[in-house]
Structure formats: C-alpha cells, structure tokens
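Quick notes on the structure that follows.
Each reported figure results from applying straightforward, stated rules to the coordinates on display, with no laboratory input. Please read these numbers as outputs of a predicted model, since none were measured by experiment. Neighbour counts are summed over all protein chains in view; Cβ atoms, including those assigned to glycine, are modelled from backbone coordinates with ideal geometry.
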Amino acid sequence: MNVTVEVSFSFKADLVDHPVTLALAEEEDVNTALRALVAKYPQVSLRIFTDGGDVHPYINVLKNGGNVRFQRGFKTALHDRDHLTIVPPVGGG
C-alpha cells in the first residue's frame with residue numbers, strides 16, 4: 001500500500017521529496033510509517049524519535065486530518081492512500 005507523508009514547518013527542508021510516498025505492507029501502523037520515513041531520510045531521525053526510540057512527545061501526527069493521539073496513537077492502522085501529516089513544534093509569538 002502507498003501512504004503519503006507530509007511534514008509541516010521546521011524540517012520539511014530535510015526531505016528531498018515532499019510530500020513523501022512510502023510503500024508499506026498492508027495493515028501497517030503510523031509508527032511503522034515514521035520508521036520507514038527515517039529509513040529513507042535518516043537525517044530526520046532525531047527530529048522525530050528520542051534516543052530511546054520513542055516518538056518525541058511534542059510531535060503530532062495527523063492521519064487524514066485527524067490527530068492519531070485520539071485514535072490508537074502511533075499504533076493507528078494505515079490503509080492504502082492514507083495521508084499523514086507530521087506537525088513538529090512551532091515557536092514564535
């Protein structure tokens with residue numbers, strides 16, 4: 001299945017292709033998609049994952065516009081043609 005990943009704001013420039021299309025096995029989850037993104041673009045690893053391998057608590061991921069924290073978190077299942085948006089923290093005022 002193909003899943004599109006878009007990054008908003010701060011580290012969009014770290015991705016050569018934007019948005020990124022990832023080919024994943026059927027019924028994979030958001031965590032697997034994030035790891036596949038890092039496998040393709042290792043330079044974004046520390047922006048998404050902690051040294052311990054968990055997703056940073058300030059990273060939000062939207063699946064088709066809905067925050068995965070209100071679904072099954074990063075274990076939220078994905079389906080062909082789903083669209084993920086990674087929303088890193090934004091500073092300013």
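For the range 47-56, which positions are surrounded by fewer than 16 Cβ atoms within 10 Å (Cβ to Cβ) and under 13 Å from the mean Cα position of the chain (by Cα)? Break it down into steps so the answer makes sense when it comes.
Step one: of the range 47-56, the residues surrounded by fewer than 16 Cβ atoms within 10 Å (Cβ to Cβ) are 50-54, 56.
Listed by number, the residues that qualify are D54, H56.
The conditions are (1) surrounded by 13 or more Cβ atoms within 10 Å (Cβ to Cβ); (2) of a type in the set (S, T, N, Q); (3) in contact with a strand residue (DSSP E or B) (Cβ under 7 Å, 6 or more places away or on another chain); (4) more than 17 Å from P88 (Cβ to Cβ), and T32 fails exactly one of them. Which is it?
(3)
For T85, indicate whether it is in contact (Cβ under 8 Å) with a residue 60 or more places away in the chain, surrounded by 12 or more Cβ atoms within 10 Å (Cβ to Cβ), among the β-branched types (V, I, T) and not in a loop (DSSP other than H, G, I, E, B). Before you say what the answer is, go through the steps one by one.
Working: in contact (Cβ under 8 Å) with a residue 60 or more places away in the chain: yes; surrounded by 12 or more Cβ atoms within 10 Å (Cβ to Cβ): yes; among the β-branched types (V, I, T): yes; not in a loop (DSSP other than H, G, I, E, B): yes.
Yes.
Please identify the pairs in which a residue from the range 27-42 that is in contact (Cβ under 8 Å) with a residue 40 or more places away in the chain has its Cβ atom under 6 Å from the Cβ atom of a residue that is in a helix (DSSP H, G or I), counting only partners at least 6 apart or on another chain.
Listed pairs, sorted by first residue: D29/K75; V30/V68; V30/F74; N31/F74; L34/I48.
Check off (1) surrounded by fewer than 18 Cβ atoms within 10 Å (Cβ to Cβ); (2) in contact with a Gly (Cβ under 9 Å, 6 or more places away or on another chain) for G66 and give me the number that stays unchecked.
Just one mismatch for G66, condition (2).
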